[in-house]
Amino acid sequence: MAALNEAGRSGASAGRKLANRVCEILEIEQPIVLAGMGGASCPALAAAVSNAGGLGVLGAAGCGPKLLRRWIRETRELTDKPFGVDTLLPASVRRAKYDGTEGPTPQALLPEMQAFADAFMEREGMAPAKGDLLGRRVDPDEPALFTKAFFEAQMEVVVQERVPVYASGLGNPGPWMKDLRAGGTKVMAVIGAVRHAIQVKSSGLDIIVAQGHDGGGHNSPIGTLALIPQVVDAVGDTPVLGAGGIVDGRGIAAAMMLGAQGAWIGSAFLASEEANIFGFQKQAIVDATEEGTTISRSVTGKPARIIRSKWTDYWAREGKEPLPMPFQGTIAGPVMAAANRDGRGDINPGFAGQGIGMIKAVRPAKQIFDELVLGTQEALARAGTI
């Protein structure tokens, strides 16, 4: 769809026809939620989406407690509308115990894997850099990234700050529900299978996000079109947001016709002026086609959809098995940091979904949001549903 050029047409997207139960629960105007994309969904972007009438969600997966608290307070300064915070709560990390009975432990393999990464950087003419998976300097006074202590420190901040909405990007928020509810926080969880939807529903949360295989970052092995209606059927009266490869109003309308009550949108907002990613990463999205992504464990240790790069190709070609989360992050982090420092979009183009082939330019978040709403209205009108 062409970009909106007329203020009147843009204003038309503020219509009430999309309002539903999701809007009532989240206290928003339109059932469009910014995906909590780690590092990219920053205060400026979250506030822009909230101010436009949706729900902005901070992508805080890689934020240590100090940065997370700062981001929450900064967002409050930029908007008086509801907003959310997204972190990871992967049970497989919280419970991980490696006893060496099934081969070398991840810790024992670290030197070998580090040498493998060093060989890649040498071949690419890159000097090592210190940093985490987002290319930032690591705070020595905070827990190591993606460890049990790290996740717990994040959640303590979320509870203390009484954020309007919490979204678990991975894992069940059940153990934190009592504390979150005490602060008046609404709770969502992103899932990729019906059995996971049933699990999180039992915790008493407010909204479930069904994210299919088309989506960027950690996602499901199940396609978006197949996943959404099965989750809707399984969770009964719990509202569902559709996610995974949805970058325009037609996709949102399709998700709603499958039973979802709105959409969780990521990649469309990666190509926004406010997104907290590098310019070369935004350009990689604009330049990409529908074939430009791949599923790889080479960055976080868990399967994730990422724009294909020399780094993902290197692991695939050499047949190396990445370490599990959080250990792979200690291998990939310095490489990603060096790529960011050097502007190497061919090495760290970032995470994105399969819908990026439809993204043709970097634009303000409000313009993207308004076009999503208008496109949804037009698609539903064509289908005779509104």
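The values are calculated or read from the model by the stated rules, or taken from the named source; none is laboratory data. Not measured: the values here are computed from a predicted model. We place every Cβ from the backbone using ideal geometry, glycine too, and count neighbours over all the protein chains shown. Surface accessibility is based on the protein's heavy atoms, side chains included, excluding ligands, DNA and RNA. Shrake-Rupley method; radii C 1.70, N 1.55, O 1.52, S 1.80 Å.
If the chain between Asp118 and Arg382 were fully stretched, how many nm would it gain, using 0.36 nm times the residue separation less the Cα-Cα distance?
89.6 nm
Cβ under 11 Å from Leu26's Cβ, Leu26 left aside: what net charge do those residues give with Lys, Arg +1 and Asp, Glu -1?
Result for the neighbourhood of Leu26: -1.
Calculate, axis by axis, the spread of Cα positions in the range 115-195 along the three principal axes, and write the results as whole Å, longest axis first.
The Cα atoms of the range 115-195 stretch 52, 36, 19 Å along the principal axes, largest first.
Hey, got the dipole for the range 232-386? About the Cα centre, +1 on K and R Cβ, -1 on D and E Cβ, debye to the nearest 20?
380 debye
Note down the relative contact order for the chain as a percent, whole number, built from C-alpha pairs under 8 angstrom at least six residues apart.
This gives 20 percent for the chain.
Hey, could you pull the Cα Rg and Dmax for the range 253-303, both in Å?
In order Rg, Dmax, the Cα atoms of the range 253-303 give 14.2, 37 Å.
Given the C-alpha centroids of the range 220-240 and the range 248-308, what is the distance between them in whole angstrom?
If we compute the Cα centre of each part, the gap is 19 Å.
Taking the chain as a Gaussian network, where each spring joins two C-alpha atoms under 10 Å apart, which residue of Lys81, Lys320, Lys282 fluctuates the most?
Lys320
What distance in nm separates the two pseudo spin-label positions at Asp237 and Lys66, each 7 Å out from Cα along the beta-carbon direction?
4.7 nm
Per Stokes-Einstein, at 4 °C and 1.567 mPa s, what whole-number D in µm² s⁻¹ belongs to the range 109-247, with the Kirkwood radius over Cα pairs as the hydrodynamic radius?
74 µm²/s
Starting from the Cα of Ser202, step 7 Å along the direction of its Cβ; do the same at Asp313; then give the gap between the two resulting points in nm.
A separation of 4.6 nm, rounded to one decimal place.
What length, rounded to one decimal in nm, is gained on full extension from Lys130 through to Glu273, with 0.36 nm per residue of separation minus their alpha-carbon distance?
Between Lys130 and Glu273, full extension yields 48.8 nm more.
Considering the chain as a Gaussian network with a 10 Å cut-off on Cα pairs, which listed residue, Glu152, Glu77, Glu318, attains the greatest mean-square fluctuation?
Between Glu152, Glu77, Glu318, it is Glu318 that shows the largest mean-square fluctuation.
If R₀ is 35 angstrom, what is the calculated FRET efficiency for the pair Thr147 and Val286, using the beta carbon separation as r and rounding to 0.05?
Computed FRET efficiency for Thr147 and Val286: 0.50.
Could you calculate the FRET efficiency of Lys360 with Asn20 from 1/(1 + (r/R0)^6), where r is the beta carbon distance between them and R0 is 30 Å, rounded to 0.05?
The value I calculate is 0.50.
In the range 119-224, which trypsin sites (Lys or Arg not before Pro) fall in coil by DSSP and have 15 or fewer other Cβ atoms within 10 Å?
Taking the range 119-224 and a limit of 15 other Cβ atoms within 10 Å, the loop trypsin sites (Lys or Arg not before Pro) found are Lys130, Arg137, Arg162.
Please give the solvent-accessible surface of Asp313 in Å², to the nearest 10, using a probe radius of 1.4 Å with every protein chain present.
Using a 1.4 Å probe on the heavy atoms, I get roughly 50 Å².
Mind grabbing the base-10 log of I(q)/I(0) for the range 237-378 at q = 0.14, 0.16, 0.18 Å⁻¹? Debye formula, identical points on the C-alpha positions, no solvent, two decimal places.
Cα-only, vacuum Debye calculation for the range 237-378: -0.71, -0.88, -1.03.
How much length would be gained if the chain were fully extended between Glu77 and Glu27, taking 0.36 nm per residue of separation minus their Cα-Cα distance, in nm to one decimal?
Full-extension gain reported as 16.2 nm.
Using the Cα centre as the reference, give the magnitude of the dipole from point charges on the C-beta atoms of the chain (Lys, Arg: +1; Asp, Glu: -1; all else neutral), rounded to the nearest 20 debye.
380 debye
Give the calculated FRET efficiency between Leu225 and Glu321 to the nearest 0.05, with a Förster radius of 22 Å applied to their Cβ-Cβ distance.
Calculated transfer efficiency: 0.10.
Roll a 1.4 Å probe over the protein chains and send me the accessible area per residue for the chain in Å².
The answer is 41 Å² per residue.
Cα-based Rg of the chain per 2.2 N^0.38 Å, rounded to two decimals?
0.94
Considering only Ser202, Ser267, Ser298, give the residue with the highest GNM mean-square fluctuation for the chain, with springs between Cα atoms whenever their separation is below 10 Å.
Fluctuation is largest for Ser202.
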